[in-house]
1. Go through the stretch 124-151 and report how many residues are surrounded by fewer than 19 Cβ atoms within 10 Å (Cβ to Cβ), aliphatic (A, V, I, L, M) and more than 10 Å from the ligand (Cβ to nearest atom).
2. Restricting to the stretch 298-326, what's the tally of residues that are more than 15 Å from HIS243 (Cα to Cα), in contact with a strand residue (DSSP E or B) (Cβ under 7 Å, 6 or more places away or on another chain) and aliphatic (A, V, I, L, M)?
3. Which of the residues spanning the stretch 269-284 are within 16 Å of the ligand (Cβ to nearest atom) and surrounded by fewer than 20 Cβ atoms within 10 Å (Cβ to Cβ)?
4. Hey, among the residues in the stretch 7-49 that are among the charged types (D, E, K, R) and farther than 14 Å from TYR75 by Cα, which one's farthest from the chain's Cα centre (by Cα)?
5. Can you work out which of the residues in the stretch 169-183 that are more than 9 Å from the ligand (Cβ to nearest atom) and either among the acidic types (Asp, Glu) or farther than 18 Å from TYR146 by Cα (or both) is surrounded by the most Cβ atoms within 10 Å (Cβ to Cβ)?
6. So the check is Cβ under 8 Å with 6+ separation or different chains; which pairs have a first residue in the stretch 107-126 that's farther than 16 Å from ARG289 by Cβ and a second one that's among the charged types (D, E, K, R) and exposed (fewer than 13 other Cβ atoms within 10 Å of the Cβ)?
7. Taking into account only those residues within the stretch 44-76 that are aliphatic (A, V, I, L, M) and over 17 Å from ALA22 (Cβ atoms), which is surrounded by the most Cβ atoms within 10 Å (Cβ to Cβ)?
8. When you look at LEU267, is it outside any loop (DSSP other than H, G, I, E, B), over 30 Å from ALA11 (Cβ atoms) and modelled with pLDDT of 95 or more, yes or no?
Amino acid sequence: MIDSTGPAWDAIVGLSRFAALAAMAELDCAEHLASGPMGVPELAKACEAHEPSLARLLRELETVGVVRAVAPETYELTEEGQTLRDGVPGSMRSALRMAAENGYWYAMGNLAQTVRDGRSAFIARFGPLYGYFQEHPEAARLFNEYMAIRAAPLEAALATSYDFTGVETFVDIAGGTGHLLAAVLDRHPGMRGVLFDIAHVVENARASLSARGLGDRCEFESGDFFESVPAGGDLYLLASVIHNWSDEASLRILANVRRAAPPHARLLLLEMVLPDDATPHIGKDLDMRMLALTDGGMERTASEHTRLLGEAGFTLSRILPLPAGASLIEALPR
Ligand SMILES: C[S@@+](CC[C@H](N)C(=O)[O-])C[C@H]1O[C@@H](n2cnc3c(N)ncnc32)[C@H](O)[C@@H]1O
């Protein structure tokens, strides 16, 4: 008999639960169950699934707590299960589909190879992450939606907890879907925004900011932050960007911001700040993704952020804690 306790067993069982949730997300079961309980045969038809296999999946999902049997072989969504629908507050559907996406799955499954080689097994097979996204639009869509979901608890906190006094132009470098920029512009009606990212990402951001009525207060610029970034901002944001890159690559990005920023400008990094000690921190878990998926990207401690910013010509002035284990790091040009 094996000992069914301990971190290894938790991880092994957790993997089954993850796979079940990811399958539920992929088959869109939650959406089909949204209007009320369904019998397995009816749900199997709606999800285009194999009925006996779906029955086993639902039995496991009930133990996870996202569905509940209301009669034999008939299930309804629980409140937790609602989060597996698209477009509901706190939706986790894209995040689950992203985590089960082919390339991502390969990256995490080959972590030992990455650690052995000191080079991402994902990159060795598929090439750099953002090139992968360009070649796999569905993976890119899931990733962008995942980033937006991840940033949701941070949007209000960023827009309200930082003092934006005097900021007329706010430049969001590698701003993705533009959700953080939109949250700040919403709360600061006199401010203008610049969203900078690679071309295909900028076009999506333009559409979503325009749909929110913010299109005429924003400029949308596409480019490569290793070449240059937009000049003349009062405040620059790099949110979840630096952690994708090695120190060397990060210094190239930061040097371009330093060059473009006027002397009075400020820089904000929205990043994890890892504790220096053995305290558990979500950033240590997310660092496994950086290790698996990027070429030298990493979550950093406060002293690592201070050193990196210092080498790029900035002084780290303060670190403000945000929700979800994130921090806002303010830096001033020296
Ligand atoms: C982890 S996402 C962060 C997105 C956004 N700041 C957020 O917090 O949701 C990193 C972003 O960097 C962008 N990016 C990657 N390489 C880039 C490059 N060379 N030049 C400009 N943007 C780049 C990606 O398209 C992506 O939107």
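The values are calculated or read from the model by the stated rules, or taken from the named source; none is laboratory data. Quick caveat: nothing in here was measured; it's all calculated off a predicted structure. Here the Cβ positions follow ideal geometry from the backbone for every residue, glycine too, while neighbour counts run over all protein chains shown.
1. 1
2. Residues in the stretch 298-326 being more than 15 Å from HIS243 (Cα to Cα), in contact with a strand residue (DSSP E or B) (Cβ under 7 Å, 6 or more places away or on another chain) and aliphatic (A, V, I, L, M): 4 in total.
3. Passing the criteria: only ILE282.
4. LYS45
5. VAL171
6. Pairs found: ALA124/ASP117.
7. Once the filter is applied, the top-ranked residue is ALA44.
8. Considered against the rule, which asks whether it is outside any loop (DSSP other than H, G, I, E, B), over 30 Å from ALA11 (Cβ atoms) and modelled with pLDDT of 95 or more, LEU267 comes out as yes.
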